[in-house]
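Q: Dropping a structure here in structure tokens format, bear with me for questions.
Computed from the coordinates by the stated procedures, all read-outs in this text should not be read as laboratory data. As the structure is a prediction and not an experimental result, all values here were calculated from the model. Using ideal geometry, Cβ is built from the backbone for each residue, glycine included, and neighbour counts are taken over all protein chains shown.
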């Protein structure tokens, strides 16, 4: 019965979204009453879709195999967490999660955006409802998650074993919040184009939603990278897979949008460009949806292989995004450019930032889509791999990293670049010193690694230098410096932490790429191997049974360069329901470095073993966590919370008589 109720709730949500779309666009000029009704409709949509999603979760948790989705993606022996994550580990269920996040953002705008002008609020909620209606209709008519099976089987077919991992339980929801969160920026852009209300206040309303989406997308990408690293057993952290690129492109565009909206808020400039970025960022999110569900890609990340569904999504993408760009083309000529500024200024630095990021998006987009288009048009199959992306993306990011620390030191409207350089001299000197020291100690041959280290240290120390400069550390008494530092707005700390996180990630990428070592060997129990000062002793080999799998398990003892010994266990699992094998790598962390051990398939009477030593690889994900943490910190700044009333000014004390 709950399945039917969930299906009915999703149908009602689709109907409410459709009515809200039509009513919102027809009556958006009628003031606060229309905005209030649309806000209530947005909350109702959330309640209905949440009920539908809860019905799916109940069916998976109780192993209700009368539901076709549960039959195809669940098994009664699965652990509870993977039964729940199985709801979105497939095409149909993931679309319901997508819609749930879509309506959640609409409900949040309705709840926290009460200070928005009523006409703008109505248009934002109408556009958001349009997206809900579009994706709700797609789900109901082409990908119904509530289809029944009669008679129901006794057991399900199980979820893809690769997806039965805690990383995949967390990764998609985080990624979807990022993907779908940019829909609010899109809705604000459409509302601004329709109403003509494009000013500094608009940028101030958009920035918190952009920051929220960008923060979750950062976490989602980092979690997906780490999952692929430890679960797939290939020892890498980024493959430039088309689906990975599909999540990375909105992140790059969203980063540009954050900086562009800042210029618009502070200086009332870059209006046209900010609106354009709001549309293009969500467009890239929809492109990722198309790639994952169209059947044109074969990847562990893809959900569906039905070309019909892909064609429907492509049509939706063309209508929604094409309509937005058509509206943009009609309105762009009437938009005023806003405030003027000198090329050497903070605005100029942020525009340069946008230029490099937008070009990087274009490079990744070309490398991702060109092979697909070539195959579709002329039937020629080519592969665009890591060398292309490393060269083009790296060439674009290097100059961006060079200028990145200068931005916070430049004044608005007009600045002195030499004065900013002088304030960064300490950071530059420290970065050069550490690069030379590490290169000498590490024995790095002639390569680009020292340049990468220098850029990473430069960005990280430049972020610290900003806080040091603003607190006047070393120029005034320490107590006064501390008071100034504590009095800085949270946005200043979030900017410094985010830039520091970028530097840390760059250091992790460069270090593991330059110094990674690998060993491929065969071992039997009782034998040992060595790599980069670590001794790997193969202790024993046996078979164990898990809740829904059996595993060949190798036990190892690792002796580090300092004599420290640690146990490690690597597995090759075979899942009972499907017979699918997976690899469970053994990973041991030493400081910021890791020893990565993969047990290969048996070869005659011995075992293949692959071992990697990955220096400072954890810095890659630590840097991403710092960036995401900076995003959350920024959102706690009162100036980033739309709908929070201003504090009342304290009345001046009356003069004593």
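Q: Provide, as a two-decimal number, the C-alpha radius of gyration of the range 373-512 over 2.2 N^0.38 Å, N being how many residues it has.
A: It is 1.35.
Q: Sticking with this one: Which of 506, 576 comes first, and how do the rest follow, when ranked by fewest Cβ neighbours within 10 Å?
A: Ascending Cβ contact count within 10 Å gives the list 576, 506.
Q: Sorted by mean Cβ packing within 10 Å, highest first, what order do the peptides 547-555, 453-461 take?
A: The peptides rank, most packed first, as 453-461, 547-555.
Q: Separate question: Give me 423, 572 sorted ascending by neighbouring Cβ count inside 10 Å, so fewest comes first.
A: Ranked by crowding around the Cβ, least crowded first: 423, 572.
Q: Using only helices, what value at 222 nm comes out for the chain when you add -39,500 (n - 2.57) per DSSP H run of length 4 or more and divide by the total residues, to the nearest 500 deg cm²/dmol?
A: Mean residue ellipticity, 222 nm, calculated: -21500 deg cm²/dmol.
Q: Can you grab the distance from the C-alpha centre of the range 108-127 to the C-alpha centre of the range 400-414, Å, no decimals?
A: 34
Q: In nm, to one decimal, how far is the modelled label at residue 576 from the one at residue 157, with both set 7 Å along Cα→Cβ?
A: Here the modelled spin labels are 2.0 nm apart.
Q: Right, next: By its C-alpha gyration tensor, with a ≥ b ≥ c as the square roots of the eigenvalues, how is the chain shaped: rounded for a/c under 1.5, else prolate for a/b larger than b/c, else oblate?
A: Cα axes put the chain in the oblate bin.
Q: Starting from the 7 Å offset along Cα-to-Cβ, what nm value, one decimal, do you get for the label separation of residue 440 and residue 115?
A: 5.6
Q: For 528, 559, which order do you get if you count the other beta carbons within 10 Å of each Cβ and list the fewest first?
A: 528, 559
Q: Further question on the same structure: For the range 351-398 and the range 453-516, what is the centre-to-centre distance using only Cα atoms, to the nearest Å?
A: Going from one Cα centre to the other spans 31 Å.
Q: Based on the Cα gyration tensor of the range 517-614, what are the three equivalent ellipsoid semi-axes, each the root of five times an eigenvalue, rounded to whole Å and given largest first?
A: 24, 14, 12
Q: Shape of the range 87-210 from its Cα gyration tensor (a ≥ b ≥ c, root eigenvalues): rounded if a/c is under 1.5, otherwise prolate when a/b > b/c, or oblate?
A: prolate
Q: Need one number for the range 328-455: average projected area of the convex hull over its C-alpha atoms, nm².
A: Mean shadow area of the hull around the Cα atoms is 12.3 nm².
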